[in-house]
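The values are calculated or read from the model by the stated rules, or taken from the named source; none is laboratory data. The structure presented is a predicted model; accordingly, all values stated were derived computationally and were not measured. Every residue, glycine among them, receives a Cβ derived from its backbone with ideal geometry; neighbour counts consider all protein chains shown.
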């Protein structure tokens, strides 16, 4: 089974991997996807207006107050987007969705709800050398464990060794600490969300995957929301007038994007204690894709927090050519194994 979240590239060097291969799937298999995600009324309003959705039930609060719901109702297609997105870690190795046989909306979604997704494999078939066909149901539930949606779909899932990312000779890092799932007593597989403090070994490097492309429009939005006054980030006419200033991605966004890439491995964090020695060797240009890797430098137990430990981590960000564009050191407070809110939160 492709139950490990890393492949070993070299001694003490691992790359993140995700998704089940076709051979791993069997009818009746249940998967609990994590993490969940909050849905706010702002999310709801923006999705409706961005798509020119004229069903004012979603964003006219005065109108909605006169309906049986008493408040704006969540956009159904936004719920579907969230459920398919939350399921993507386990279904990462799909080639295509062949069809969606039904989408049932079972309970209203409102701003302030938290959504979670679960999958059930209904059938597997196919003789194609590269992929097999899978029928599954993705069910959405809210924080009160109420079923809010059910999606029945068919998709193609790559066979083992056939996914474009499968490199010859890259073997799964078959260690207990690297499992992609843990099993509940009823055999439901629950997706893991990072490494425990005890799993962090000094000298080991983790190649974070996949990367993240940054566009100029996104950079401008982050600069504006930060109250950044310098016109180079948001004034196109300014850049045309002063042509010696090349468009670049807002530096805090670069640091944030690189940091976010690390969270699939460094996901059991209690708190980020701070950065030191941040280097930005050159600006990131619009359209470039960022990649990151982190090396565990030092770990020690917390004297004041017995259920937690402190890890010193060196992270490096690159563009596709391999050129270094960001580097920093960070101190993280990390949960020890079996500690923290995971069981109570359904993780």
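When region 116-137 is examined, which residues are found to be touching a helix residue (DSSP H, G or I) at 6+ places or on another chain (Cβ under 6 Å) and farther than 21 Å from residue 183 by Cα? If you could, list the steps in order and put the result at the bottom.
Step one: filter region 116-137 for residues touching a helix residue (DSSP H, G or I) at 6+ places or on another chain (Cβ under 6 Å), giving 117, 119, 132.
Answer for region 116-137, where residues must be touching a helix residue (DSSP H, G or I) at 6+ places or on another chain (Cβ under 6 Å) and farther than 21 Å from residue 183 by Cα: just 132.
Checked against the criteria, residue 26 does not count as surrounded by 12 or more Cβ atoms within 10 Å (Cβ to Cβ) and either closer than 30 Å to residue 186 by Cβ or within 23 Å of the chain's Cα centre (by Cα) (or both). Residue count for region 79-99 satisfying the condition of being surrounded by fewer than 19 Cβ atoms within 10 Å (Cβ to Cβ) and either touching a strand residue (DSSP E or B) at 6+ places or on another chain (Cβ under 7 Å) or closer than 20 Å to residue 346 by Cα (or both): 9. The set of residues from region 100-123 being surrounded by fewer than 18 Cβ atoms within 10 Å (Cβ to Cβ), in a strand (DSSP E or B) and more than 21 Å from the chain's Cα centre (by Cα) comprises 100, 101, 102, 103, 104, 105, 122, 123.
Whether any residue in region 38-51 is part of a loop (DSSP other than H, G, I, E, B) and under 24 Å from the mean Cα position of the chain (by Cα) is what I want to check. Yes, region 38-51 has at least one match. Taken over region 81-106, the criterion of being more than 20 Å from residue 157 (Cα to Cα) and either out of contact with any helix residue (DSSP H, G or I) (no Cβ under 8 Å at 6 or more places or on another chain) or not assigned by TED's automatic domain parsing to the domain that holds residue 34 (or both) is satisfied by 82, 104, 106. Inclusion of residue 20 among residues that are surrounded by 19 or more Cβ atoms within 10 Å (Cβ to Cβ) and either out of contact with any helix residue (DSSP H, G or I) (no Cβ under 8 Å at 6 or more places or on another chain) or not in a loop (DSSP other than H, G, I, E, B) (or both) is warranted. Among the residues of region 211-231, those that are in a helix (DSSP H, G or I), more than 19 Å from the chain's Cα centre (by Cα) and either surrounded by 12 or more Cβ atoms within 10 Å (Cβ to Cβ) or touching a residue at least 24 places away in the same chain (Cβ under 8 Å) (or both) comprise 216, 219, 220, 221, 222, 223, 224, 231.
For region 307-337, the tally of residues that are touching a residue at least 24 places away in the same chain (Cβ under 8 Å) and in a loop (DSSP other than H, G, I, E, B) stands at 5.
Only residues that are in a helix (DSSP H, G or I), closer than 20 Å to residue 280 by Cβ and within 27 Å of the chain's Cα centre (by Cα) were counted across region 234-269, and they come to 12.
Of all positions in region 181-193, none carries a residue that is outside the structural domain of residue 258 (by TED's automatic domain parsing), touching a residue at least 12 places away in the same chain (Cβ under 8 Å), closer than 17 Å to residue 11 by Cβ and surrounded by 16 or more Cβ atoms within 10 Å (Cβ to Cβ). Only residues that are under 19 Å from residue 291 (Cβ atoms) and at pLDDT 95 or above were counted across region 183-208, and they come to 5. Of the numbered criteria (1) within 19 Å of residue 92 (Cβ to Cβ); (2) assigned to a strand (DSSP E or B); (3) in contact (Cβ under 8 Å) with a residue 12 or more places away in the chain, the one residue 163 fails is (2).
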